[in-house]
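Some notes on the structure that comes next.
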Amino acid sequence: MVDDALAARARSLDEEHHDTDLRGRFRLPAGTTYLDGNSLGALPVGVAEAVADAVTRQWGNDLIASWNTADWWGASARVGDRIGALVGSAPGQVLVADSTSVNLFKVVVAAARMRPGRDILLTDGDSFPTDVHIAEGAARVAGLVVERVSPADAPARIAELGDRMALAAYSSVDYRTGELWDLPAITRAAHDVGALVCWDLCHSAGAMEVGLDDHDADFAVGCGYKYLNGGPGAPAFIHVAAQHISSFDQPLTGWNGHAEPFAMSPDYAPAPTIERARVGTPPVLGVLALEAALKAFDGVGMAGVRRRSLALTGFFLECVDALVPGIVVASPRDDARRGSQVSLRHPHAYAVVQALIARRVIGDFREPDIIRLGFAPLYLTHADVLRAAEHLREVLGTREFARPEFSVRGAVT
Ligand SMILES: *Cc1c(COP(=O)(O)O)cnc(C)c1O
């Protein structure tokens, strides 16, 4: 009767959080519990129509005039401002451009140039690999040395390194465990020694309040295709705090970042605005799809989104404790330290995830033994959460995951 009690609890939580149930703003296939919105967000209502309009009318009919008439040119900064509102960055500081990897490269090199004579780039060696790879690659270009330190130890290490510190580059939420790191404390520690910070918001933008301006974050980067739902390969974003824009000397000096791109000058002069973070021509269709997707957040406060997210992940932990006791929970149980996902450890994690997917409970696997379940707050209910836990219990209890087909690996895990 455990299930009955949990079902009643799911119903009461769904009532309690009714005001943030935005499932109607998404097109999700029936019979699917989608717990991978932290890898590829679901499709919001209106995106297909916006893309169709961009293709058939703006491109097909209006052709090149659309750079002006549909303001394709201004889209990167316009959509950047919309994302800025979600992450607590005032207008004029966020630009949609390139990928998270490329934006991080720009930040590292620019930060090194803003802190001459300082040689350390501090980062998390267990971060998403591209963050570590780019840190290393950009550090080589910029003459920095990368030191790998867990975010938990970063404030103390920053204080020790003192005026050797140029930049601390961290993710606000750990992509594997979902641990929410202490953005205010690391930011303060860096500023105390005169260093800069860059936050990777891939697993926080669209899932919680970030408060970039409130915490005085110098730089941030993040993905458009996770909790922001911009679609596969959606362009990323970059935040440069207003006081740094005029000194943001980023290395990829393409013509789109020029103060007067259409003057066609052979000499580079960076735009005085956040547009200096641009490089080449933006993927306009992708930017417009992202813009349409962000309408799912219209009228929604991030505090409510965060409350819903914590209710969903907290209830999932409750369900797991009741239905799958003994499984190792890799994510923090403390609300203040948990992002919007719950990761579980299991020796056959890959096969367990495949067996869940066959039951239309879609999560993902991360090396070496992580079952990663993302709880995108806008389109999941507590009933979905219970359903996922019940399927997990069956997959583990019957050892369904041991079926040979669940061990076959695709190119993308
Ligand atoms: C998803 C993710 C990325 C992805 O970077 P791309 O350049 O968009 O491929 C980078 N960093 C983190 C922390 C991520 O979670």
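Pair-distance distribution of region 49-297: all C-alpha pairs, bin width 10 Å, starting at 0; shares per bin in whole percent are 8, 32, 36, 17, 6, 1, 0.
Can you give the angle from 0 to 90° between the axis of helix 75-87 and the longest principal axis of the chain, with both taken from C-alpha atoms, to the nearest 10? Taking Cα atoms only, the helix is inclined about 50 degrees. Along the axis of the charge dipole computed for region 251-409 (Cβ charges of +1 for Lys and Arg, -1 for Asp and Glu, origin at the Cα centre), the listed residues ALA271, TRP255, LEU323 are led at the positive end by LEU323.
Between helix 382-397 and the chain there is an angle of about 60 degrees, using the helix long axis and the longest principal axis of the Cα atoms. The portion of the accessible surface of region 89-169 made up by carbon and sulfur, rounded to a whole percent, is 52 (1.4 Å probe; DNA, RNA and ligands excluded). Heavy-atom surface analysis with a 1.4 Å probe gives region 1-48 a carbon and sulfur content of 56 percent of its accessible area.
Once the 1.4 Å probe is applied to the protein heavy atoms, region 49-297 comes out at 38 Å² accessible per residue. Averaging the Cα positions of each part gives two centres, and for region 289-329 and region 141-206 these lie 25 Å apart.
When the helices of the chain are scored as -39500 (n - 2.57) per DSSP H run of n ≥ 4 and the total is divided over every residue, the value at 222 nm lands at -11000 deg cm²/dmol. Among beta bridges identified by DSSP and lying wholly in region 49-297, the antiparallel ones come to about 35 percent. All other residues whose Cβ lies under 12 angstrom from that of ALA322 are scored, Lys and Arg at +1 and Asp and Glu at -1, for a net of -3. Each of ALA190, SER99, HIS391 was scored by the projection of its Cα onto the charge dipole of the chain, and the greatest displacement toward the positive side belongs to HIS391; charges sit on the C-beta of Lys, Arg, Asp and Glu.
Over region 49-297, what is the mean sequence separation of C-alpha contacts under 8 Å (at least six apart), divided by residue count, expressed as relative contact order in percent?
Result for region 49-297 is 23 percent.
Placing unit charges on the Cβ atoms of the charged side chains and taking the dipole of region 49-297 about its Cα centre, the candidate lying farthest along the positive direction among LEU122, LEU144, TRP181 is LEU144. Each label was represented as a point 7 Å from its Cα along the Cα-to-Cβ direction; for TRP59 and GLU136 these points are 3.7 nm apart. Just the protein heavy atoms count here, and of the accessible area of region 282-413 at 1.4 Å, carbon and sulfur take up 56 percent. The charge dipole of region 49-297, taken about the Cα centre with unit charges on the Cβ atoms of Lys, Arg (+1) and Asp, Glu (-1), comes to about 380 debye, rounded to the nearest 20.
Using only Cα atoms and rounding to the nearest 10 degrees, what angle (0 to 90) does helix 284-293 make with the longest principal axis of the chain? Roughly 50 degrees between the two axes.
The values are calculated or read from the model by the stated rules, or taken from the named source; none is laboratory data. All values reported here derive from a predicted model rather than from experimental measurement. For neighbour counting, all protein chains shown are included, and Cβ atoms are generated from backbone atoms with ideal geometry for every residue, glycine included. Surface accessibility is based on the protein's heavy atoms, side chains included, excluding ligands, DNA and RNA. Shrake-Rupley method; radii C 1.70, N 1.55, O 1.52, S 1.80 Å.
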